[in-house]
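Note sheet for the following structure.
The values are calculated or read from the model by the stated rules, or taken from the named source; none is laboratory data. None of the values given here were measured: they were computed from a predicted structure. Here the Cβ is made from the backbone with ideal geometry for all residues, glycine too, and neighbour counts use every protein chain on show. Accessible surface areas use protein heavy atoms only, side chains included; no ligands, DNA or RNA. Shrake-Rupley method; radii C 1.70, N 1.55, O 1.52, S 1.80 Å.
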Amino acid sequence: GLPRPNRSEIDIDSSGGKLDYPELADLSPSTSPNPQPYNIVWLVAESWRADSLNPRVMPNTHTFAINNLWFQEHYSGGNGTRMGMFTQFYGIYGSYWFDMLQTRTPPVLMNYLQQQGYQFKAFTSSAFTYPEFDKTIFSALPQESLVAYSEGHGWQRDQKNTTDMISFIESASEPFFTFMFFESSHANYYFPDEDIITSDYLEDFNYLTTDIGDDINRIHNRYRNATHHLDRQFARVFDALEQNGLMNNTIVIVTGDHGEEFMENGRWGHNSTFSQQQIRVPLLLHIPNEGAQRIEKMTSHLDLPATVLSVLHAGLPEAQFSFGMNLLDPAYKRDYTVVSDWHG
């Protein structure tokens, strides 16, 4: 929305450069055992837009939100999965995805957790190879720590992976880190009959024959039903943590990779423009000993690594590895954020 400034001719050396991303040792982390080695449960939902977190569509997650830290003006770092996932683990702009992929460089956050002796298990209802999270975010983890399940519709994969994640939580040695990428809310938005909360939905959603403009409201209703199923899977994880007495020593992060637009600005889906519907996502944090609060100031995926490492008392200078800030800092203030796609 701003006019482009006049640009002058400059000479640029395009022969290449060296990636200047810090090694953990360069940041002088504390070598003593972490005084608060909290477990970490990191839940990310595909295409989860901010306004779907409401009592009708997601009653269980809404209850979790009002009892924890609920960031109500939160932005992904991208309008697609790669950039949205990349920014929440690295805390730097999505355009650096390509450099990290080429060099197979994991984030400082994951390196720190490995140094601290965490047990790892990551689950996805998509794949770790596409996008290439096995070569970026989780590149330092052994293959047996990465569990991908891709049979059936997204909601069926989510049910299976949620069951397996709960089994890991119940048997893991502490401290542990577990992650899951949920597919229920990804197009074509499939769901079982028991999750129909809006009956006026498009039953035959065929990309080749559907008129997106005419059918967008019923497509959106498919999304609402699918997101209701996502809510039930989140609830299973929350209940397992409660029943196993783990809430008092576990950080829980619940967010989306990016949003989803339903023609509010002339487009359907994501990865096409930087509209609010494509880049706004929920963010819920459960931090032991932190009270419930609704935070209405602008926040970003870029802030998550600095926040988690601060809660863990890692002693790492956030400005040296991240463009984010600690969300729990009373002085936290963000006047702008940066969102990336493949080329912008």
Check N265 against each of (1) over 28 Å from N221 (Cβ atoms); (2) touching a Ser or Thr at 6+ places or on another chain (Cβ under 8 Å); (3) without any contact (Cβ under 8 Å) to a residue 24 or more places away in the chain and name the one condition it does not meet. (1)
Checking I219 against (1) among the aliphatic types (A, V, I, L, M); (2) in a helix (DSSP H, G or I); (3) open to solvent by 20 Å² or more (accessible area, probe 1.4 Å); (4) over 30 Å from M110 (Cβ atoms): exactly one of these is not met. Which one? (3)
Exclusive hit being surrounded by fewer than 21 Cβ atoms within 10 Å (Cβ to Cβ) and touching a His at 6+ places or on another chain (Cβ under 6 Å), set F274, F262: F262
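For region 168-183, give me the residue count where each residue is in a helix (DSSP H, G or I) and small (G, A, S).
First, pick out the residues of region 168-183 that are in a helix (DSSP H, G or I): 168-171.
From what is left, the residues that are small (G, A, S) are 171.
Number satisfying all stated conditions: 1.
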Quick test of your reading of the structure: H186 fulfils all but one of (1) open to solvent by less than 80 Å² (accessible area, probe 1.4 Å); (2) outside any helix (DSSP H, G or I); (3) modelled with pLDDT under 95; (4) not aromatic (F, W, Y). Name the failing condition by number. (3)
Being aliphatic (A, V, I, L, M) and more than 20 Å from S47 (Cα to Cα) is the filter here, so list the residues in region 195-254 that pass it. L208, A240, L241, L246, M247, I251
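Conditions tested, residue by residue: (1) open to solvent by 80 Å² or more (accessible area, probe 1.4 Å); (2) among the hydrophobic types (A, V, I, L, M, F, W, C); (3) in contact with a strand residue (DSSP E or B) (Cβ under 6 Å, 6 or more places away or on another chain); (4) part of a loop (DSSP other than H, G, I, E, B).
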site: R294; (1), (2), (3), (4): yes, no, yes, no
site: K297; (1), (2), (3), (4): yes, no, no, no
site: H313; (1), (2), (3), (4): yes, no, no, yes
site: G324; (1), (2), (3), (4): no, no, no, yes
site: K333; (1), (2), (3), (4): yes, no, no, yes
Per the filter on region 125-144, residues open to solvent by less than 10 Å² (accessible area, probe 1.4 Å) and either within 21 Å of Q320 (Cβ to Cβ) or more than 17 Å from the chain's Cα centre (by Cα) (or both) are T136, I137
Any idea which of (1) in a helix (DSSP H, G or I); (2) more than 30 Å from R267 (Cα to Cα); (3) at pLDDT below 95 is the one M165 doesn't satisfy? (3)
So I92 passes all but one of these: (1) assigned to a helix (DSSP H, G or I); (2) crowded, with 22+ Cβ neighbours inside 10 Å. Which condition number does it fail? (1)
Can you pull out every residue in region 274-292 that is in contact with an Asp or Glu (Cβ under 8 Å, 6 or more places away or on another chain) and either assigned to a loop (DSSP other than H, G, I, E, B) or free of Cβ contacts under 8 Å to residues at least 12 places away in the same chain (or both)? F274, S275, V281
The one condition in (1) at pLDDT 95 or above; (2) over 14 Å from D303 (Cβ atoms) that Q115 fails to fulfil: (1)
Mind counting the residues in region 95-124 that are farther than 17 Å from I169 by Cα, charged (D, E, K, R) and open to solvent by less than 70 Å² (accessible area, probe 1.4 Å)? 1
Which of the residues belonging to region 153-168 are farther than 14 Å from D239 by Cα and under 19 Å from the mean Cα position of the chain (by Cα)? G154, W155, R157, D158, Q159, N161
